[in-house]
Amino acid sequence: MTSFATHRLRVHDTTRAPYRRLSALRTCLTEFSPYGFYATYHHLCRSAGIPRDLDEDPGSLVRAVEELHEARLLWREAFAVWQVGRRAQKRAGVRRPEPREPSRGLRWPNPELHPEGRLVEVMPAVMRLRPGADGRQGRDGACPLCAADRGTVEWDRDGYGVHTLCARCGLGLDRRPPRLPDVRERTEVRAAFRRREHLIWTRRLEA
């Protein structure tokens, strides 16, 4: 598999057709997507202004990949520092890493609800949390990522569970089993969710 850096250069390559440059951007997202693939892609489409017709603004692809690259550099730098400390801990016989490895991504169940700031602004908070069960509210009710106490919302439109999300940034805080007992109903909800993902993929969602 080719690297993030290789595909980033392909996004910059103006001799390539815009749709091939978009494909390279999507491949970069398979390598690094702090909010998950669809949520990160949705964010970049909005922040960089990637149009439905790529010929209208092919430069938007460069803006998108550079925003992603900037956040990835921040994570790589933090990870390199962590690796040095972890090697020293291993030599000293420390089995459990302290601090934990910087996270490169968390869970945003609703790909249309995610932080509004640039990725590089959000990455420091992402890196200090552990993927999975650690996305829980603090005792003060604040979201562990955005540190805001805007309450929570329940979201169950993927058909796989009832997700508790931060009402401000959309971070997944908890998940319970789906409340649809009927298999056919769950299947229909999942199919609708996949159709929504396809709208994100093709940049056809309304702003």
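The values are calculated or read from the model by the stated rules, or taken from the named source; none is laboratory data. If you're wondering where the values come from, they're calculated on a predicted model, not measured in any experiment. Cβ placement follows ideal geometry from the backbone for every residue including glycine, while neighbour counts extend to all protein chains displayed. The accessibility values were calculated without ligands, DNA or RNA, using every heavy atom of the protein model including side chains. Shrake-Rupley method; radii C 1.70, N 1.55, O 1.52, S 1.80 Å.
For segment 34-47, a tally of residues being open to solvent by 30 Å² or more (accessible area, probe 1.4 Å) and over 14 Å from residue 60 (Cα atoms) returns 2. Within segment 168-196, the set of residues being farther than 21 Å from residue 105 by Cβ and part of a loop (DSSP other than H, G, I, E, B) comprises 177, 178, 179, 180, 181, 182.
Screening segment 197-207 for residues that are in contact (Cβ under 8 Å) with a residue 12 or more places away in the chain and not in a helix (DSSP H, G or I) and picking the one that is surrounded by the fewest Cβ atoms within 10 Å (Cβ to Cβ) gives 207.
Within segment 10-34, being within 19 Å of residue 120 (Cα to Cα) and either part of a helix (DSSP H, G or I) or in contact with a strand residue (DSSP E or B) (Cβ under 8 Å, 6 or more places away or on another chain) (or both) holds for 25, 26, 28, 29, 30, 31.
Could you say whether any residue in segment 90-102 is modelled with pLDDT of 90 or more, assigned to a strand (DSSP E or B) and open to solvent by 50 Å² or more (accessible area, probe 1.4 Å)? Within segment 90-102 (the criterion being modelled with pLDDT of 90 or more, assigned to a strand (DSSP E or B) and open to solvent by 50 Å² or more (accessible area, probe 1.4 Å)), the answer is no, since none of the residues qualifies.
So if I check each of 30, 15, which one is open to solvent by 70 Å² or more (accessible area, probe 1.4 Å), without any contact (Cβ under 8 Å) to a residue 12 or more places away in the chain and under 17 Å from the mean Cα position of the chain (by Cα)?
Details: 15 fails: under 17 Å from the mean Cα position of the chain (by Cα).
None of the others qualify; the one that does is 30.
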